[in-house]
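No value in this document is a laboratory result; all are computed from the given coordinates. The structure presented is a predicted model; accordingly, all values stated were derived computationally and were not measured. Neighbour counts are summed over all protein chains in view; Cβ atoms, including those assigned to glycine, are modelled from backbone coordinates with ideal geometry.
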Amino acid sequence: MSDEESELQSFLATLKSQFTVNNFKIQGNLLSLTTDSTTYVELATYLKEHDFARCLTVSATDWLDTNEFEIYYLVHHLKNNVYVKVAVSIPRNKPEITSLSTIWKSAAMHEREMWELFGITFVGNMMLKPLFLEDWTNLPPLRKDFNWRDYVAQEYYKTEEE
């Protein structure tokens, strides 16, 4: 085991003692884990207080078969060159989670994109307004249940009789 991995094992043990974390995996200098929606922001605050100053992304995956979205953020500790990816699942029928924008300002724009492209509301993010899709009225386009073929056929291949 490398020094990086050993240090991450120690950090993981600390996280496990203070938070609900599951499905943890260490690959080189990356620690990946899952948590629940009640711990999501609390863990983010802890990471920020422990010098994970850069939030590189907030993103989402649509798991249609389990009727959930997985929201995740990736943060970086510059001095130790360590990355932590934290994921949480939320229901697709109520896609809502607390914003991380009060912890990392850079999270606001990433959350804005996820709001627009997946329809996930980040409670507390004041930037949730259209960025790309100003007049969009369909399902958010990155959701798995959005049928882009039907959309293209209706939008771009209408006959003049319609």
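Between residue 24 and residue 51, the modelled label-to-label distance comes to 1.9 nm, taking each label 7 Å out from Cα in the direction of the beta carbon. Only helical runs count toward this figure. For the chain, summing -39,500 (n - 2.57) over DSSP H runs of n ≥ 4 and dividing by all residues gives -9000 deg cm²/dmol at 222 nm.
Backbone phi angles across region 140-148, fed through the Karplus curve with coefficients 6.51, -1.76 and 1.60 (θ = phi - 60°), yield HN-Hα couplings of x, x, 9, 6, 5, 8, 7, 9, 5 Hz in residue order; Gly and Pro are listed as x. FRET efficiency for residue 146 and residue 32, Cβ-Cβ distance as r, R0 = 22 Å, nearest 0.05? Efficiency for this residue pair is about 0.20. Taking 0.36 nm per residue of sequence separation and removing the Cα-Cα distance, the residue 109/residue 154 pair yields an extension gain of 13.1 nm.
Proximity of backbone amide H atoms, modeled 1.01 Å from N, is registered between residue 98 and 123 at under 5 Å, excluding neighbours fewer than 5 places apart on the same chain.
Rounded to the nearest 10 degrees, the angle from helix 40-49 to the longest Cα principal axis of the chain is 50 degrees.
The distance between label points at residue 7 and residue 102 comes to 3.1 nm (points 7 Å beyond Cα on the Cα→Cβ vector). Close amide H contacts of residue 82 (hydrogens built in the peptide plane, cut-off under 5 Å, sequence separation of 5 or more or a different chain): 77. Charge tally around residue 63: other residues with Cβ under 13 Å, Lys/Arg +1 each, Asp/Glu -1 each, net -2.
Counting beta carbons within 10 Å around each of 123, 88 and listing the fewest first gives the order 123, 88. Each Cα pair under 8 Å and six or more residues apart adds its separation to the average, and for region 100-157 the resulting relative contact order is 27 percent.
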